[in-house]
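To start, the structure under review is shown below, and the notes come after it.
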Amino acid sequence: MSNSKKAVIFDLDGTLLDTLQDLCDSGNAVLAAHGHPTHSKEDYKTFIGDGMMSLVRAIFPEGHKPETDAECDAMLSEYREAYGRNWTNTTKPFPGIGELLSELERREIPIGVLSNKGHDFTVKCVEEFLSQWKWTAIFGHRDGFEKKPHPSGAIEVAGLMGIAPEDCCYVGDSDVDMFTAKNAGMYAVGVNWGFRSVEELRSAGSDVILEIPGQLLEELGS
């Protein structure tokens with residue numbers, strides 16, 4: 001990277017927090033309640049990243065997927081209820097995340113969260129597991145706002161930081177995150193500890209792939 005970056009925006013699930021088991025258990029509870037086969041934890045890696053409604057549609061078997069607005073709303077409501085019971089069961093920050101965030105704070109580098117997870121659950125997760133660090137902005141998917149990979153959310157966070165988009169890193173674990181970074185004119189940082197493959201991140205245009213969280217400090221420069 002030729003120029004040091006001045007701010008970092010993070011995806012949440014698969015990047016800062018390992019939420020996979022709780023998301024899996026919640027989706028499977030909804031499927032079981034309707035008499036459908038459940039999925040493995042590994043399967044859920046491909047369902048996560050494009051928001052809760054997309055996850056709900058993805059987990060149902062062909063021929064039984066919710067189609068109408070009423071069906072989609074009902075299944076989303078059931079999923080949100082299940083996740084509301086499960087979201088703190090096993091979720092925790094990935095190893096090295098706390099140390100990275102502490103060093104970013106020490107260097108006075110602004111940090112934010114931008115996720116496609118529902119806004120309320122995004123805020124709850126950050127407050128529960130990552131509250132010791134000061135976040136400029138914490139945004140999940142909000143009604144009336146475009147989801148990632150649309151750049152508006154990332155650009156909004158950069159604006160709240162007072163940092164130009166081109167001076168920001170966007171860090172994530174999926175192609176959606178890399179597309180978001182590129183669409184917003186940010187430095188696209190992929191992580192290899194998340195829910196998607198390194199190959200997916202590279203194909204989506206990542207500028208760098210982190211092996212461990214602390215490697216981001218090298219990318220930021222001095």
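The values are calculated or read from the model by the stated rules, or taken from the named source; none is laboratory data. Everything quoted here is computed from the prediction, not taken from an experiment. Here the Cβ is made from the backbone with ideal geometry for all residues, glycine too, and neighbour counts use every protein chain on show.
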In segment 36-56, residue surrounded by the most Cβ atoms within 10 Å (Cβ to Cβ) [restricted to those that are assigned to a loop (DSSP other than H, G, I, E, B) and within 14 Å of the chain's Cα centre (by Cα)]: ILE48
Which of the residues belonging to segment 187-222 are of a type in the set (D, E, K, R) and either under 16 Å from PRO95 (Cβ atoms) or assigned to a loop (DSSP other than H, G, I, E, B) (or both)? ARG196, ASP207, GLU211
Could you grab the pairs with beta carbons closer than 9 Å, sequence gap of 6+ or different chains, first residue in segment 199-222 and within 17 Å of ASP177 (Cα to Cα), second one at pLDDT below 95 and surrounded by 13 or more Cβ atoms within 10 Å (Cβ to Cβ)? ASP207/MET1; ASP207/GLU219; VAL208/MET1; VAL208/GLU219; LEU210/GLU219
Out of all the residues in segment 199-211, is one or more surrounded by fewer than 22 Cβ atoms within 10 Å (Cβ to Cβ) and closer than 27 Å to GLU127 by Cβ? no
Identify, please: which residue in segment 8-35 is acidic (Asp, Glu) and touching a Phe, Trp or Tyr at 6+ places or on another chain (Cβ under 6 Å) and is, among those, surrounded by the fewest Cβ atoms within 10 Å (Cβ to Cβ)? ASP18
